[in-house]
Amino acid sequence: MPWNKENYPDSLKNFTAPVRNKAVEIANALLEDGYEEGRAIAIATAQAKEWGENHDKQIRKKDH
């Protein structure tokens, strides 16, 4: 099932919106390529973190 900005895996809830949106984009592409859902999420999370670091983005939401 493809994800979007409002509906995404719980494991991404603590990421900032730009990093979470990148992870969703990557995960959806991996699903289209036939990856299993859990594997797609794991790969997408790692790649989105790396993307965020390379683009000087805050990765996780700050504690309230």
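Taken residue by residue, segment 44-52 has no member that is open to solvent by 100 Å² or more (accessible area, probe 1.4 Å), without any contact (Cβ under 8 Å) to a residue 40 or more places away in the chain and in a loop (DSSP other than H, G, I, E, B).
Would you be able to say whether some residue in segment 53-62 is open to solvent by less than 100 Å² (accessible area, probe 1.4 Å) and in a helix (DSSP H, G or I)? Scanning segment 53-62 turns up no residue that is open to solvent by less than 100 Å² (accessible area, probe 1.4 Å) and in a helix (DSSP H, G or I). Looking only at residues that are surrounded by 19 or more Cβ atoms within 10 Å (Cβ to Cβ) and either touching a strand residue (DSSP E or B) at 6+ places or on another chain (Cβ under 9 Å) or not small (G, A, S) (or both) in segment 14-29, which one is nearest to H55 (Cα to Cα)? It comes out as V19.
The values are calculated or read from the model by the stated rules, or taken from the named source; none is laboratory data. On a predicted model such as this, the values are computed, not experimentally measured, just so you know. All Cβ positions, even for glycine, are placed from backbone atoms using ideal geometry, and neighbour counts span all protein chains on display. These accessible areas exclude ligands, DNA and RNA; they are computed on the full protein's heavy atoms, side chains included. Shrake-Rupley method; radii C 1.70, N 1.55, O 1.52, S 1.80 Å.
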